[in-house]
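The values are calculated or read from the model by the stated rules, or taken from the named source; none is laboratory data. Quantities reported herein were computed from a predicted structural model and do not represent experimental measurements. For neighbour counting, all protein chains shown are included, and Cβ atoms are generated from backbone atoms with ideal geometry for every residue, glycine included. Accessible surface areas use protein heavy atoms only, side chains included; no ligands, DNA or RNA. Shrake-Rupley method; radii C 1.70, N 1.55, O 1.52, S 1.80 Å.
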Amino acid sequence: MPPMIALGSNPIVSPFARYMLPSFMVEKSVDEVYGDPSKVTPEIKTRYVDLSRREGNRQAYNYFFRTAREKFTDPKVSEGIKLVKTPTLVMWGKEDHWLKLEYAQNWSKDLQNSKFITYEGAGHIPMEEIPDITAKDLVQFLTL
């Protein structure tokens, strides 16, 4: 489980996390999700901090963290992946420190009608880190 999710969903921390999310934690998470640290600018960190402070977002993060903890430990979620028949595109950064590439390799076996693309140097959010490349890959997938 990614450290931010583990901390935010901790039963002792979670009741407080609904009301506070320190800027340094948001900034640390941004550092963790980018594969290329040179792309993490002060403006990007500020944007994430500002978004985290919008009304309702702390509660939404808290709900997401608690739900993620529950789903990370539920084997039924992984079993359900085998039931997906819809054409699926999965984009995965090879430098993803939150969800390691080995998860993608496992899912590629279970998602029967899927295309997996991995991106060298990208992290957890390749769509933000390398938008031109991922957008091109998405358009190509959707037009097949």
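Picking from residues in the range 1-23 that are of a type in the set (V, I, T) and more than 13 Å from F64 (Cβ to Cβ), the one that is surrounded by the fewest Cβ atoms within 10 Å (Cβ to Cβ) is I12. When the residues of the range 107-137 are filtered to those that are part of a helix (DSSP H, G or I) and in contact with a Lys or Arg (Cβ under 8 Å, 6 or more places away or on another chain), the one that is surrounded by the most Cβ atoms within 10 Å (Cβ to Cβ) is E129. Within the range 46-57, if we keep just the residues that are under 22 Å from S9 (Cα atoms) and not hydroxyl-bearing (S, T, Y), the residue that is most open to solvent (accessible area, probe 1.4 Å) turns out to be E55. Cβ-Cβ contacts under 7 Å between residues 6 or more apart (or on different chains), taken from a first residue in the range 66-77 that is assigned to a helix (DSSP H, G or I) and among the basic types (K, R) to a second residue that is surrounded by fewer than 14 Cβ atoms within 10 Å (Cβ to Cβ) and modelled with pLDDT under 80, are listed as K71/V77. Per the listing A122, A104, the residue uniquely at pLDDT 95 or above, among the small types (G, A, S) and at negative phi is A122. Selection of the range 11-37 for residues being hydroxyl-bearing (S, T, Y), closer than 28 Å to M91 by Cα and either touching a Leu at 6+ places or on another chain (Cβ under 9 Å) or assigned to a loop (DSSP other than H, G, I, E, B) (or both) yields only Y34. Each residue in the range 58-98 was checked for being of a type outside the set (V, I, T) and in contact with a strand residue (DSSP E or B) (Cβ under 8 Å, 6 or more places away or on another chain), and 6 pass. Restricting the range 58-104 to residues that are among the small types (G, A, S) and surrounded by 15 or more Cβ atoms within 10 Å (Cβ to Cβ), the residue that is nearest to L138 (Cα to Cα) is G93. Looking at the structure I just gave you, is D31 under 15 Å from the mean Cα position of the chain (by Cα) and either open to solvent by 50 Å² or more (accessible area, probe 1.4 Å) or touching a residue at least 24 places away in the same chain (Cβ under 8 Å) (or both)? Taking the combined requirement at face value, the residue satisfies it.
This table checks each residue for (1) touching a Ser or Thr at 6+ places or on another chain (Cβ under 6 Å); (2) farther than 22 Å from V33 by Cα.
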| site | (1), (2) |
| --- | --- |
| L83 | no, yes |
| G93 | no, no |
| W98 | no, no |
| E102 | no, no |
| N106 | no, no |
| D110 | no, yes |
| N113 | no, yes |
| F116 | yes, no |
| P131 | no, no |
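Residues of the range 38-51 that are more than 18 Å from the chain's Cα centre (by Cα) and either among the basic types (K, R) or not in a helix (DSSP H, G or I) (or both): T41 alone.
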